[in-house]
Every structure is written in C-alpha cells, then in structure tokens.
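These notes are about the structure you will find just below.
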Amino acid sequence: MVDIGFRKPNNGVVQGDTLGPEFLKVGANATAAKMLPGIAVCKDTNDFSVKESDASANDIGFLGYEYSPSKPATIDTAYAVGDIVAVHCGAGRRQMGRLTTNQTIVKGQPLKVTTDGYLAAATVGTNDVVGDAAESVTTTSSTADIWIITRK
C-alpha cells in the first residue's frame, strides 16, 4: 500500500533545497533559546550572521538542522550564539517551520512570519506570505511544528 501525502523526514527540516543552504553564524543579538531548527531568521549585525526573525518581512530563510556544522543534540534543541548554522532559503521547497500558539491552519493556507520567527495565518494582499501549509495543524497554548511549501 502507498502512503498518502508526502513523507516527513526523520530528524530533518527541509526537502527539495536544490540550491543548498547558506552557512551563517548565530549572531550576537540572537536570543539563543529561540534559535531552534525551523525558525525563520533575518540578518543580525552583518550579512554573515542571523537572529530570530523580528516579523519585519526581511527574513532570509529558515534555520536548518541536518546540514548544520554545529548541529544540536536534537531537532528541538536551540543553537547557541556563535554556532555555524545552515540557513535554507528560496521558493518551492518543503520546509518545517514552527507554528505560533492559538492557530488553526489547514493544508494550502498561506502563512506569514510573526514574532521570534514563528509562523501564523496570513492574509494574501495584506501580509508578506512566506509559504503555504503542506499539512493541517492546530495549536492552543503551545507551539507546534508545521510543514510548509515555501514561496520565498
């Protein structure tokens, strides 16, 4: 029997990254506890360092895991300031992101980056849409992982 839907990788946060990741440093202004694989990131003090996104729409990509030279113990362990990390960017790949609290997302729904690099429901034409949900996920008082298909 064939499995229905795409197969989520074990211990991975990206599928179909044909360009490959950029290798950048977790910047001095990053909040280490927030720098989890799958979090959207933006430029920190220079072009070669990143911090958790500030929801300004200046995101450069998502923190990777499987290709990061400073890979933490698990996919749910944060990077430390100064770690070298893989950052995945570009449209058309499957990417694990992290959904903020109090969201009910359905497959195909557009998503935006919000505070600390988490994702939330977006309104097309109003928000900067970063991707579309590849699965349905509901959160209440805690965050959750969500797979998306990136638009940028």
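Please verify whether segment 79-89 includes one or more residues that are free of Cβ contacts under 8 Å to residues at least 60 places away in the same chain and among the small types (Gly, Ala, Ser). Outline the logic, then answer.
Filtering segment 79-89 for residues free of Cβ contacts under 8 Å to residues at least 60 places away in the same chain gives 79-83.
Remaining after also requiring among the small types (Gly, Ala, Ser): 80, 82.
Looking for residues that are free of Cβ contacts under 8 Å to residues at least 60 places away in the same chain and among the small types (Gly, Ala, Ser), one finds at least one in segment 79-89, hence yes.
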* Asked: Condition test on Val85, is it open to solvent by less than 20 Å² (accessible area, probe 1.4 Å), of a type in the set (Val, Ile, Thr), part of a strand (DSSP E or B) and more than 30 Å from Ile4 (Cα to Cα)?
  -> yes
* Asked: So, of the residues in segment 1-58 that are assigned to a loop (DSSP other than H, G, I, E, B), open to solvent by 90 Å² or more (accessible area, probe 1.4 Å) and of a type in the set (A, V, I, L, M, F, W, C), which turns out to be modelled with the lowest pLDDT?
  -> Met1
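Would you please name the residue that is farthest from the chain's Cα centre (by Cα), looking only at residues in segment 59-77 that are aliphatic (A, V, I, L, M) and either more than 17 Å from His88 (Cα to Cα) or open to solvent by 40 Å² or more (accessible area, probe 1.4 Å) (or both)? Talk me through it step by step, then tell me what you get.
Residues of segment 59-77 that are aliphatic (A, V, I, L, M), as a first pass: 60, 63, 73, 75.
Narrowing further to those that are either more than 17 Å from His88 (Cα to Cα) or open to solvent by 40 Å² or more (accessible area, probe 1.4 Å) (or both): 60, 73.
Details: Ile60: 10, Ala73: 18 Å.
The qualifying residue farthest from the chain's Cα centre (by Cα) is Ala73.
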* Asked: Restricting attention to segment 103-152, which residues are of a type outside the set (Ser, Thr, Tyr), in contact (Cβ under 8 Å) with a residue 60 or more places away in the chain and part of a loop (DSSP other than H, G, I, E, B)?
  -> Asp128, Ala134, Glu135, Arg151, Lys152
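If the requirement is being free of Cβ contacts under 8 Å to residues at least 12 places away in the same chain and either more than 15 Å from the chain's Cα centre (by Cα) or within 29 Å of Thr126 (Cα to Cα) (or both), which of these qualifies: Asp17, Asp47?
Working: Asp17 fails: free of Cβ contacts under 8 Å to residues at least 12 places away in the same chain.
Checking each option against the conditions leaves just Asp47.
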* Would you be able to say whether some residue in segment 89-101 is under 25 Å from Ala28 (Cα atoms) and loosely packed, with under 13 Cβ neighbours inside 10 Å? => no
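Conditions (1) of a type outside the set (A, V, I, L, M, F, W, C); (2) within 19 Å of Ser53 (Cβ to Cβ); (3) modelled with pLDDT under 95; (4) open to solvent by 40 Å² or more (accessible area, probe 1.4 Å), marked per residue:
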| residue | (1), (2), (3), (4) |
| --- | --- |
| Ile105 | no, yes, no, no |
| Thr115 | yes, yes, yes, yes |
| Gly125 | yes, no, yes, yes |
| Gly131 | yes, yes, no, no |
| Ala134 | no, no, no, no |
| Thr138 | yes, no, no, yes |
| Trp147 | no, yes, no, no |
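The values are calculated or read from the model by the stated rules, or taken from the named source; none is laboratory data. Owing to the predicted nature of the structure, the values given are computational and were not obtained by experimental measurement. FYI the Cβ positions are ideal-geometry reconstructions off the backbone, even for glycines, and counts take in every protein chain you see. Heads up: the accessible areas ignore ligands, DNA and RNA and are worked out on the full protein's heavy atoms, side chains in. Shrake-Rupley method; radii C 1.70, N 1.55, O 1.52, S 1.80 Å.
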